[in-house]
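Below is one structure, written out as structure tokens; comments come after it.
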Amino acid sequence: MPSLDTLRRRISVTEADLEFLRRLSNGETTTDTDPAQAATLGALTDAGLVVDGGVHRLVADLAVAMAQPVLELWIETMCERGPTVSHIVVRGDEDIWYTDPWPGAGDDDEVVFVKDELPQLLWVVARLAGFRRSTPPERARPVTAQLATVASLLAAFSAETGGAWDDVRTVAIAKLDDIFGEMSAEQREMWIAVLATLEGTWRITCAWGPEAHHSRGLAVWDCGAGGFWRRTTPAEPLLPDDITPEVEATFVPISGGDLWKAFAELLPSKAELTEAAEVIGRSAPGGERR
């Protein structure tokens, strides 16, 4: 059921409900002639999301933020319970909105939208990614493998969510040489350590403009007791030319403190935001074009 929590500034709706609210605010609904839309309107009114025939002020604020973001972040996670994709939008220099999905949620499930303040942005990113204080084991060393091999490995984990994660891990370790090919004893030891403790993966992308250089990204494996491992090559965000089977993927152990710094480094500077705004302005109708 749709719901509204004005105290904590939260909205819980399905994608279909959200689309209905958008059309309602634009005067595009046909509740007088469409029983299904009338029923949706009744449910949203009962939940407080529609007031006096119009959308609640919190819904209106969400709509504006989604339509006019200064920057956006996507946090993609994958663990044994399933994948999630969280979305954060920053509006101006004061507020943020973000989604807080459950692993494995479907398109028909409700999505929780939460409003917060800009100073909380890094803390929100950290929570959605499952960040914690962590120190890599002293013997941890970088591991490498071809990108296609890593992608196949992660696809196997992703396909077996919901109870068989440990089985995939066992098979991957048992067939390490078959999966990764010839490797040194040190690399084999490190890969076994990584796979034996792998609890999930996450990828963060931050974008603030229309061009490729208006974005930065971060890809990390969460290995629980084995610490965090950041993928340094190929660098995020991945471009089409970066995604070839032969490209070497390198994962480097990283401390929680350095990872927190990496979160902050994802965000654009004032100069970068200004430059992106100028590009957007030139490309807008009536704007000066190069």
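Give all pairs with beta carbons closer than 6 Å in which a residue from region 95-117 that is open to solvent by less than 50 Å² (accessible area, probe 1.4 Å) meets a residue that is among the polar types (S, T, N, Q); count only pairs at least 6 apart in sequence or on separate chains.
Filtered contacts from region 95-117: THR99/SER86; PRO101/THR84; VAL111/THR99; VAL112/SER12; PHE113/THR99.
Against the condition touching a strand residue (DSSP E or B) at 6+ places or on another chain (Cβ under 9 Å) and not in a strand (DSSP E or B), how does GLU246 come out, does it pass? Talk me through it step by step, then tell me what you get.
Values: touching a strand residue (DSSP E or B) at 6+ places or on another chain (Cβ under 9 Å): yes; not in a strand (DSSP E or B): yes.
Criteria met by GLU246.
Among the residues of region 174-197, how many are surrounded by 15 or more Cβ atoms within 10 Å (Cβ to Cβ) and in contact with a helix residue (DSSP H, G or I) (Cβ under 9 Å, 6 or more places away or on another chain)?
Taking region 174-197 as the starting set, the residues that turn out to be surrounded by 15 or more Cβ atoms within 10 Å (Cβ to Cβ) are 176, 179-180, 183, 187-188, 190-191, 193-197.
Among the residues that remain, those that are also in contact with a helix residue (DSSP H, G or I) (Cβ under 9 Å, 6 or more places away or on another chain) are: 176, 179-180, 183, 187-188, 191, 193-197.
Total satisfying the criteria: 12.
Give me a count of the residues in region 73-94 that are of a type outside the set (S, T, N, Q), free of Cβ contacts under 8 Å to residues at least 60 places away in the same chain, in contact with a Ser or Thr (Cβ under 9 Å, 6 or more places away or on another chain) and crowded, with 16+ Cβ neighbours inside 10 Å. Spell out the reasoning first.
Taking region 73-94 first, the residues of a type outside the set (S, T, N, Q) are 73-76, 78-83, 85, 87-94.
After this cut, where a residue has to be free of Cβ contacts under 8 Å to residues at least 60 places away in the same chain as well, the list is 85, 87-94.
Retained after the next criterion (residues that are in contact with a Ser or Thr (Cβ under 9 Å, 6 or more places away or on another chain)): 85, 87-88.
From what is left, the residues that are crowded, with 16+ Cβ neighbours inside 10 Å are 87-88.
The qualifying residues number 2.
When region 12-32 is examined, which residues are found to be in contact with an Asp or Glu (Cβ under 7 Å, 6 or more places away or on another chain) and open to solvent by 70 Å² or more (accessible area, probe 1.4 Å)? First the steps, then the outcome.
First pass over region 12-32, keeping only residues in contact with an Asp or Glu (Cβ under 7 Å, 6 or more places away or on another chain): 12-15.
Within region 12-32, GLU15 is the sole residue that qualifies.
Within region 33-61, can you find the residues that are within 30 Å of LEU273 (Cα to Cα) and either surrounded by 14 or more Cβ atoms within 10 Å (Cβ to Cβ) or aliphatic (A, V, I, L, M) (or both)? Spell out how you get there, then give the answer.
In the first step, residues of region 33-61 are kept if they are within 30 Å of LEU273 (Cα to Cα); the result is 57-61.
Residues satisfying the conditions are LEU58, VAL59, ALA60, ASP61.
Here are some residues: GLY224, GLY200. Which one is within 26 Å of ALA164 (Cβ to Cβ), free of Cβ contacts under 8 Å to residues at least 60 places away in the same chain and in contact with an Asp or Glu (Cβ under 6 Å, 6 or more places away or on another chain)?
Checking each option against the conditions leaves just GLY224.
Of the residues ALA271, ALA212, ALA196, only one is of a type in the set (A, V, I, L, M) and under 24 Å from GLU138 (Cβ atoms); which?
Details: ALA271 fails: under 24 Å from GLU138 (Cβ atoms); ALA212 fails: under 24 Å from GLU138 (Cβ atoms).
Of the residues listed, the single one that is of a type in the set (A, V, I, L, M) and under 24 Å from GLU138 (Cβ atoms) is ALA196.
Restricting to region 127-161, name every residue that is under 24 Å from the mean Cα position of the chain (by Cα), within 22 Å of ILE204 (Cβ to Cβ), not small (Gly, Ala, Ser) and not in a loop (DSSP other than H, G, I, E, B).
Across region 127-161, the qualifying residues are ARG127, LEU128, LEU147, VAL150, LEU153, LEU154, PHE157.
Taking VAL64 as the residue in question, decide whether it is more than 30 Å from GLU199 (Cα to Cα) and either aromatic (Phe, Trp, Tyr) or open to solvent by less than 70 Å² (accessible area, probe 1.4 Å) (or both). Show your work before the answer.
On the way: more than 30 Å from GLU199 (Cα to Cα): yes; either aromatic (Phe, Trp, Tyr) or open to solvent by less than 70 Å² (accessible area, probe 1.4 Å) (or both): yes.
Considered against the rule, which asks whether it is more than 30 Å from GLU199 (Cα to Cα) and either aromatic (Phe, Trp, Tyr) or open to solvent by less than 70 Å² (accessible area, probe 1.4 Å) (or both), VAL64 comes out as yes.
With the requirement that a residue be touching a helix residue (DSSP H, G or I) at 6+ places or on another chain (Cβ under 6 Å) and among the hydrophobic types (A, V, I, L, M, F, W, C), what does region 114-135 give you?
The answer is LEU122, VAL125.
Filtering region 203-221 down to residues that are buried (at least 21 other Cβ atoms within 10 Å of the Cβ) and touching a residue at least 24 places away in the same chain (Cβ under 8 Å), which residue is nearest to ILE75 (Cα to Cα)?
Here the answer is ILE204.
The values are calculated or read from the model by the stated rules, or taken from the named source; none is laboratory data. The shown structure was predicted, so the numbers you read here are calculated from the model rather than taken from an experiment. Heads up, the Cβs are rebuilt from the backbone with ideal geometry, glycines too, and the neighbour counts pull from every protein chain shown. Only protein heavy atoms, including side chains, enter the accessible area calculation; ligands, DNA and RNA are left aside. Shrake-Rupley method; radii C 1.70, N 1.55, O 1.52, S 1.80 Å.
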